[in-house]
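Comments concern the structure below.
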Amino acid sequence: MNEIIEKSNLEVFSDTLLSLAKQNSDIVVVTSDSRGSGKLVSFGDELPNQLIEVGIAEQNLVGISAGLTAGGKNVFGVSPSSFLTARSIEQIKNDVAYSNHPTTLIGISAGISYGQLGATHHSIHDFAVLRTINNITIIAPADNFETRETIKQSVKYSKPLFIRFGKKPIMKIHNGSEKFQIGKGIMVSEGRDVTFIAIGESLQRAVKASKILKKDNISSNIISMHTLKPFDEEIFLNSIKNTKCIITIEEHSIYGGLGEMCASIIAQNRINLPFRILGIPDEYMINGSQSDVLDYYDMEPLKISNIAKKLIA
């Protein structure tokens with residue numbers, strides 16, 4: 001099957017939110033000088049009374065978003081993930097999660113999306129930081145379908161919510177007929193040899209690696225674990241019962257993210273299978289494009305397939 005490249009998830013987020021906001025005047029966007037990078041120019045032009053610009057002030061963004069939510073608005077706070085989850089962690093913890101305001105926080109340009117801007121702009125900590133905060137759901141959609149469904153469901157979601165997006169066009173993975181539910185992973189394919197668990201846009205790398213392995217008659221389970229918290233332990237445990245090894249893939253530090261979540265479940269359930277976490281190691285990264293960085297740290301599809309072969313052997 002030929003690979004189909006779709007819009008960036010960020011564009012689909014903006015298009016979907018604009019469509020919903022035209023039907024619901026209580027939907028409000030708050031940005032921190034992120035109208036352009038968040039693909040929200042059209043939203044601001046068409047619905048100027050439903051967009052609030054606070055400037056480069058992420059802590060204020062979260063506080064204002066929480067306050068508007070308390071006042072009955074359906075609020076989406078949009079800011080680069082690296083700054084939103086580092087500068088505003090106290091406000092996320094207290095104003096949103098502890099106060100139980102169902103605000104939706106959108107972390108844009110996440111992971112290594114900023115590429116050559118370097119470590120100050122990379123967001124490889126956001127999963128880890130937010131996982132430790134009670135009462136907040138964490139989602140990273142893999143493709144346009146998951147993005148569209150996430151935003152539709154987020155409008156009616158009754159808890160604090162963090163959604164993470166990259167900025168590049170993305171591979172089409174789902175055909176649109178799958179059932180999407182926040183908190184429930186999706187089985188993309190079923191196989192007997194290796195189980196890939198990936199979150200967000202890293203899923204496309206697992207899919208590409210599985211196609212390489214298929215040429216050698218190695219079949220793959222692939223799970224889109226779009227929701228990191230709450231974690232779908234059921235689909236994870238069911239999928240690894242009959243495979244020979246497990247590989248997790250994430251555009252995040254190897255600490256505190258998807259891989260360590262899976263490692264905890266594996267250890268607590270006394271599962272004895274070869275296991276590898278693919279992510280960013282504990283070092284200041286090389287400088288380069290998003291693809292260059294991810295490829296360097298073994299998340300290039302051919303490298304992933306070779307790691308799978310070694311684990312199976």
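Name the strands (runs of 3 or more DSSP E) wholly within segment 136-210 that hold at least 1 residues that are modelled with pLDDT under 95 and under 23 Å from residue 84 (Cα atoms)?
none
Consider segment 229-250. How many of its residues are surrounded by 13 or more Cβ atoms within 10 Å (Cβ to Cβ) and in a helix (DSSP H, G or I)?
Of the residues in segment 229-250, 7 are surrounded by 13 or more Cβ atoms within 10 Å (Cβ to Cβ) and in a helix (DSSP H, G or I).
Look through segment 280-291, keep the residues that are touching a residue at least 12 places away in the same chain (Cβ under 8 Å) and either on the phi > 0 side of the Ramachandran plot or out of contact with any Ser or Thr (no Cβ under 9 Å at 6 or more places or on another chain) (or both), and return whichever of them is surrounded by the fewest Cβ atoms within 10 Å (Cβ to Cβ).
Filtering segment 280-291 for residues that are touching a residue at least 12 places away in the same chain (Cβ under 8 Å) and either on the phi > 0 side of the Ramachandran plot or out of contact with any Ser or Thr (no Cβ under 9 Å at 6 or more places or on another chain) (or both), the one surrounded by the fewest Cβ atoms within 10 Å (Cβ to Cβ) comes out as 284.
How many residues does segment 142-172 contain that are touching a residue at least 60 places away in the same chain (Cβ under 8 Å) and either basic (Lys, Arg) or surrounded by fewer than 21 Cβ atoms within 10 Å (Cβ to Cβ) (or both)?
Residues that pass the stated criteria total 9.
Restricting attention to segment 49-71, does a residue exist that is part of a strand (DSSP E or B), touching a Phe, Trp or Tyr at 6+ places or on another chain (Cβ under 7 Å) and surrounded by 19 or more Cβ atoms within 10 Å (Cβ to Cβ)?
Yes; the residues of segment 49-71 include at least one that is part of a strand (DSSP E or B), touching a Phe, Trp or Tyr at 6+ places or on another chain (Cβ under 7 Å) and surrounded by 19 or more Cβ atoms within 10 Å (Cβ to Cβ).
Tally up the residues in segment 34-48 that are surrounded by fewer than 20 Cβ atoms within 10 Å (Cβ to Cβ), in contact (Cβ under 8 Å) with a residue 24 or more places away in the chain and over 22 Å from residue 102 (Cβ atoms), please.
3
Can you pull out the residues in segment 30-49 that are of a type in the set (Gly, Ala, Ser) and in contact with a Leu (Cβ under 8 Å, 6 or more places away or on another chain)?
32, 34, 38, 42, 44
Within segment 258-292, can you find the residues that are aliphatic (A, V, I, L, M) and either in a loop (DSSP other than H, G, I, E, B) or under 17 Å from the mean Cα position of the chain (by Cα) (or both)?
258, 261, 271, 273, 277, 278, 280, 285, 286
Mind listing whichever residues of segment 293-313 are of a type in the set (D, E, K, R) and either modelled with pLDDT under 95 or outside any helix (DSSP H, G or I) (or both)?
Of everything in segment 293-313, just one residue is of a type in the set (D, E, K, R) and either modelled with pLDDT under 95 or outside any helix (DSSP H, G or I) (or both), namely 300.
State which residue is modelled with the highest pLDDT when the search covers only segment 80-135 and only residues that are among the aliphatic types (A, V, I, L, M), assigned to a loop (DSSP other than H, G, I, E, B) and farther than 23 Å from residue 39 by Cβ.
Within segment 80-135, the match that is modelled with the highest pLDDT is 133.
What's the number of the only condition in (1) farther than 18 Å from residue 148 by Cα; (2) free of Cβ contacts under 8 Å to residues at least 40 places away in the same chain; (3) out of contact with any helix residue (DSSP H, G or I) (no Cβ under 8 Å at 6 or more places or on another chain) that residue 19 fails to meet?
(1)
Based on this model, can you work out whether residue 139 counts as assigned by TED's automatic domain parsing to the domain that holds residue 84, hydrophobic (A, V, I, L, M, F, W, C) and closer than 21 Å to residue 261 by Cβ?
Answer is yes for this residue.
Within segment 123-141, is there a residue that is polar (S, T, N, Q), farther than 22 Å from residue 230 by Cβ, touching a strand residue (DSSP E or B) at 6+ places or on another chain (Cβ under 8 Å) and buried (at least 21 other Cβ atoms within 10 Å of the Cβ)?
The answer is no; no qualifying residue exists.
The values are calculated or read from the model by the stated rules, or taken from the named source; none is laboratory data. It should be emphasised that the depicted structure is a prediction, and the values quoted were computed from it without experimental measurement. We place every Cβ from the backbone using ideal geometry, glycine too, and count neighbours over all the protein chains shown.
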